[in-house]
Amino acid sequence: DYDAYRRELRAKMLEAIGSLPERTPLNFRTVRSFDKGAYRVEHVTFESMPGLVVPANLFVPTDSAYRAPYPAVVMSCGHGRKDGEIYRRACVDVVRRGMVVLMFEPYEQGERVQYPQYNCCQNHNLIGLKAMLLGSSMAALRIWDGMRAIDCVQALPYVDKARIGYMGNSGGGTMTSLMEAVDGRIVA
């Protein structure tokens with residue numbers, strides 16, 4: 001019954017937010033890596049759409065108590081930078097429990113800021129208005145980044161593709177609810 005409900009909810013949601021783009025190559029790359037003892041942090045990028053680079057941090061367990069394939073969690077930030085203490089602490093807590101975590105930067109925050117004279121909420125509204133002219137929405141763009149982040153972790157050879165979770169804080173908590181509705185790969 002839940003799967004049927006989820007399919008119905010997904011259809012309603014996609015009707016409300018506009019269509020999602022086609023999947024294109026992720027062009028995933030590691031920029032640099034830091035050893036933190038029981039885990040490593042990789043600064044990575046991927047393209048959610050051609051030419052639209054999404055910066056992210058990838059946390060990978062290195063503690064010998066855990067073995068691949070690891071479960072993975074995608075972390076969605078709220079209205080703050082991905083290098084914020086609250087987000088980093090959540091990722092470290094998860095990676096220390098033997099899971100891979102990919103935390104990506106939302107539009108108009110941190111490294112993705114294009115209009116620094118506005119705060120991120122004002123910028124989200126600006127992008128949303130422009131997206132509406134093209135038949136899309138800010139929600140669709142954010143959801144698409146989340147789906148592409150899941151594509152990234154599933155492409156990693158050391159991740160268990162059947163054990164993908166999603167989490168977030170503040171606006172990222174809202175994203176978690178939206179992602180659960182639209183992406184059936186999320187199991188936690």
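The values are calculated or read from the model by the stated rules, or taken from the named source; none is laboratory data. This structure is a prediction, so every number in the text was calculated from the model and none was measured. All Cβ positions, even for glycine, are placed from backbone atoms using ideal geometry, and neighbour counts span all protein chains on display. When the accessible area is computed, the model is the full protein with side chains, heavy atoms only, and any ligands, DNA or RNA have been set aside. Shrake-Rupley method; radii C 1.70, N 1.55, O 1.52, S 1.80 Å.
Filter the stretch 91-107 for residues that are over 20 Å from residue 26 (Cα atoms) and open to solvent by less than 30 Å² (accessible area, probe 1.4 Å) and give the result. Lay out the reasoning, then the answer.
Step one: list which residues in the stretch 91-107 are over 20 Å from residue 26 (Cα atoms), which gives 91-99.
Passing the criteria: 91, 92, 94, 95, 98.
Could you please find all residues in the stretch 126-139 being assigned to a helix (DSSP H, G or I) and either open to solvent by 40 Å² or more (accessible area, probe 1.4 Å) or closer than 15 Å to residue 76 by Cβ (or both)?
Initially, the stretch 126-139 is screened for residues assigned to a helix (DSSP H, G or I), giving 126-133, 138-139.
Hits for the stretch 126-139 are 126, 129, 130, 132, 133, 138, 139.
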- Note on the structure: Taking first residues from the stretch 1-24 that are more than 21 Å from residue 133 (Cα to Cα) and second residues anywhere that are modelled with pLDDT of 90 or more and surrounded by 13 or more Cβ atoms within 10 Å (Cβ to Cβ), the pairs with Cβ under 9 Å that are 6 or more apart or on different chains are 10/183; 23/147; 23/148; 23/151; 24/47; 24/48; 24/49
- Please work out which residue is farthest from residue 20 (Cα to Cα), limiting yourself to the stretch 40-84 and to residues that are crowded, with 22+ Cβ neighbours inside 10 Å and of a type in the set (Phe, Trp, Tyr). 59
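Condition (residue is polar (S, T, N, Q) and either more than 18 Å from residue 151 (Cα to Cα) or modelled with pLDDT under 95 (or both)) applied to the stretch 36-49: is it met by at least one residue?
Filtering the stretch 36-49 for residues polar (S, T, N, Q) gives 45, 48.
Next cut, either more than 18 Å from residue 151 (Cα to Cα) or modelled with pLDDT under 95 (or both) only: none.
The answer is no, given that none of the residues of the stretch 36-49 is polar (S, T, N, Q) and either more than 18 Å from residue 151 (Cα to Cα) or modelled with pLDDT under 95 (or both).
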